[in-house]
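Here the structure comes first, spelled out in structure tokens, and everything after it is commentary.
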Amino acid sequence: MPSLSPDPTSGSRDRSGLPPDPPQPPDDLLRASHQLLRKIVEIQSTLIRGGNPREALQRLLTVVMEATGSTSGCLVETPPATDRARGAHCLVSLPADARGEEAPGQELRTRVEAFCASTEPLPAESTGTRCVLPLDVEGLRLGAVGLAGRPGGYEARITDFLQPFLAACGALLQGERHEQRRSEAERALRQRQQESAENLRLVMDNMEDGVWVLDLDTYEIFANHRWLGMLGYARGELEPTLQTWLSLCHPEDAARYTEALARRQKQDLNAMEWEQRLRHRDGGWRWVMTRVTVVARDAQGRTSRLVGTNVDITVRKHGEERLRALVDMLPDLVFRIGADGTYRDHYITHQTDLAVPVDRIIGLNMRQLPLAPVYLDKIFLQLGRAIREGTAEVVEYPMERPQGRMFYEMRLMRSGPDEVVAIVRNITERKQTEERLRQQEEELRRHRDSLEEMVRNRSEKLLRATLELEEQQAQLIQTEKMASLGQMAAGVAHEINNPVSYVMSNLGTLDQYVSALRPLLAAQRELLSSHEAAPAAPVAPELIEHMRELWEQGDVDYLLDDMPELVEESLAGTRRIKEIVQSLRSFAREDSGEPQLVDVNEELASTLKIVWNELKYKCEVKRDFGPLPPVSCHPTQISQVFTNLLVNAAQAIETRGEIRIRTRQEGGEVVVEIADTGKGMSPETLSKLFTPFFTTKPRGQGTGLGLSVSYGIITRHQGRIDVQSEPGKGSTFIIRLPAARAEEARG
């Protein structure tokens, strides 16, 4: 790039000793200006694409020094008017020495800093050896640029030549100041938001009800400790997302929430209130009353933020359920009746005793019933007394029905300032019985004896039914156990057949060895007989030679070496058979009434022996058994659970896979994890997994009772069983059983 020439002087030289360039013609000056402008545009383009402003300033200063032939330069920032105490600050200084310091341009830098620090609006200055140009933007001085070392000095027209450079530097400084102010404003805003969020958290944490806030744009949830504690969790144990909330909801409730949130698109989501079920950390369900209020909407009017409160109503719901069950069992009709005799509401479990259709009851007056006036007057008299005095009144009345005269008893109790609750019971049988008893005392006695006998029989039947139910439950467990045993019978037979085969083979070989030794033993017996007959007589040489021949023919040395190994192999085979049979007997036996202290690792090892034939051809079993405390349980039932889970894991593996068994102690619980690399399960299958008779196997290949029975066994042992599974990623069953207390373990 051609340099901007200085004013011509006859005796001036640059640092190389050469005379300065002759004055440039206008075309060369214009070309130099265009080249400077092009490089400035290139640097600005780099900055727009994400470059560093400080690096851009350094590159701009470098280009200007090259264009003007200057040997040193610096760019100094004037402090903002609100921060004059900080003083002028040098942003770029060139060139730098080997240590990174700006020693060669120190004098220039000092002058430019003094220029910027001045409170007076100084104009540009040029002393011939240096040039100081202010950076003014919209009447505001942002800094100054200093140049020095140009051969021939600096003339006035250099200011016009460097105007694009000065404008670019001023724009960069102004943009950086704006960015700093924006960053400071954002930091202040974030700090205020954090303080507001902290204040909100403190308010929510001090509320008695469970409170949560749901952001429908990010689906993040903030919940106070009361909401978490209601479900048995501490802060930080649950991921604060809508998906976590839905996973805790009962499937029926979760579907309703999803539908309600989908209505957000219709802009009709307002305050809501409903009762829901949430899963507690212990696995049980808690009834919760939820009230939701819309607190923010987006620009389109859709709901963007919800605030809700949760109140635990589990006790109330259980009470309502028990009351409803009790009322459903009553043979009575229940009505709400106004003071004028108008029916306002009813609860009817059967319609046999209704005198009018059920859809005509509400709004009907009692005087429209087919009752004699004398009984109607009596009913209204008792009704008025119940409302006035709050006493419980009882009225009996007859009514003509198609099946004959029926007798009823009405109990009236005040339920409001102008209404009563009436409980109507059919007492026809009782009235008829009373009539018969009045007529014949002996018949009363017989009826009484008959009634007592009936009650006794029903009590006995109830007792028998209870015992039969318990027996059937035990039989169901035993049947499922025997069904599992039957499925594994062929495999167990194969496991027994292997040791039996080589024991029989060894016995055959031993028979051959005995046959080979029999002639030698006979010769030895002959030798002993001759020695006993004549102890002093010498042994016949031919007999000794015959025994030696028999020894060599029978290869007795080999037989004596091989026989112990055959015997040891046979004993190992019989021990293997004994272990399998003992495991089968332990698995098949019925539990005694009392639980036993059991080592879960030993039960797992015993179960693996039984189901090994189901596993070994399809999967590799990896064990990670940790030290465990004893567990008080029924061992065969726990073994049945392990059997069901291991067989199911093997059946879930379609070709070849892996089963991992891990045991550990967590606090006061013994944890058993059985994981497989099978095909996994969908959420729909997981929701029905422990339902009796539910199975994913083809018809005839599964009863659907294995996991249901297993769930019942673990629950009766005060434990719990959880499942983690995804399609294509296998399944993991986690069993948690309470460890035996110290006094039980010592006992």
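The values are calculated or read from the model by the stated rules, or taken from the named source; none is laboratory data. Note that the structure is a prediction, hence the values are computed from the model and not measured. Because the Cβ atoms are built from the backbone with ideal geometry, glycine has one as well, and the counts that use them run over all protein chains shown. These area figures cover heavy atoms from the full protein model, side chains too; ligands, DNA and RNA do not enter into them. Shrake-Rupley method; radii C 1.70, N 1.55, O 1.52, S 1.80 Å.
Quick rundown of the values:
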item: Subset of segment 43-52 (residues that are surrounded by 12 or more Cβ atoms within 10 Å (Cβ to Cβ) and free of Cβ contacts under 8 Å to residues at least 60 places away in the same chain); result: THR46, GLY51
item: Top-ranked residue of segment 436-453 - restricted to ones that are open to solvent by 80 Å² or more (accessible area, probe 1.4 Å) and of a type in the set (S, T, N, Q), ranked as farthest from ARG405 (Cα to Cα); result: GLN440
item: Segment 297-316 - residue that is open to solvent by less than 30 Å² (accessible area, probe 1.4 Å) and at pLDDT below 80 and, of those, farthest from the chain's Cα centre (by Cα); result: GLY301
item: Condition met for LEU383 (buried (at least 17 other Cβ atoms within 10 Å of the Cβ), at pLDDT 85 or above, assigned to a strand (DSSP E or B) and within 60 Å of the chain's Cα centre (by Cα)); result: no
item: Count of segment 400-435 residues which are open to solvent by less than 70 Å² (accessible area, probe 1.4 Å) and either free of Cβ contacts under 8 Å to residues at least 24 places away in the same chain or out of contact with any strand residue (DSSP E or B) (no Cβ under 9 Å at 6 or more places or on another chain) (or both); result: 7
item: Among (1) at pLDDT below 80; (2) open to solvent by 70 Å² or more (accessible area, probe 1.4 Å); (3) more than 27 Å from GLU42 (Cα to Cα) - the single one ASP160 does not satisfy; result: (3)
item: Where LEU122 falls short, out of the listed (1) closer than 19 Å to CYS169 by Cα; (2) buried (at least 18 other Cβ atoms within 10 Å of the Cβ); (3) at pLDDT below 75; result: (2)
item: Segment 208-263: number of residues that are assigned to a strand (DSSP E or B) and of a type in the set (Lys, Arg); result: 0
item: Within segment 648-682, considering residues that are part of a strand (DSSP E or B) and within 13 Å of SER731 (Cβ to Cβ), the one most open to solvent (accessible area, probe 1.4 Å); result: ARG660
item: Filter pass, ALA339 being open to solvent by 30 Å² or more (accessible area, probe 1.4 Å), touching a residue at least 24 places away in the same chain (Cβ under 8 Å) and not polar (S, T, N, Q); result: yes
item: Only one of TYR375, TYR397 that is under 24 Å from HIS346 (Cβ atoms), touching a Pro at 6+ places or on another chain (Cβ under 8 Å) and open to solvent by less than 90 Å² (accessible area, probe 1.4 Å); result: TYR375
item: Within segment 387-397, tally of residues that are within 23 Å of VAL356 (Cβ to Cβ) and in contact (Cβ under 8 Å) with a residue 24 or more places away in the chain; result: 2
item: Unique match (being in contact with a His (Cβ under 6 Å, 6 or more places away or on another chain), modelled with pLDDT of 80 or more and surrounded by fewer than 18 Cβ atoms within 10 Å (Cβ to Cβ)) among GLY283, GLY232; result: GLY232
item: Failed condition for ASN601, given (1) surrounded by 18 or more Cβ atoms within 10 Å (Cβ to Cβ); (2) touching a residue at least 40 places away in the same chain (Cβ under 8 Å); (3) outside any strand (DSSP E or B); result: (1)
item: Any hit, segment 616-628, residues being open to solvent by 50 Å² or more (accessible area, probe 1.4 Å), touching a helix residue (DSSP H, G or I) at 6+ places or on another chain (Cβ under 8 Å) and over 25 Å from ALA740 (Cα atoms); result: yes
item: Qualifying positions in segment 157-183 - in contact with a strand residue (DSSP E or B) (Cβ under 8 Å, 6 or more places away or on another chain) and farther than 24 Å from PRO95 by Cα; result: GLN174, ARG177
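For (1) modelled with pLDDT under 70; (2) outside any helix (DSSP H, G or I); (3) not hydrophobic (A, V, I, L, M, F, W, C), each residue gets a yes or a no:
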residue	(1), (2), (3)
ALA483	yes, no, no
ASN498	yes, no, yes
THR509	no, no, yes
LEU559	no, no, no
GLU565	no, no, yes
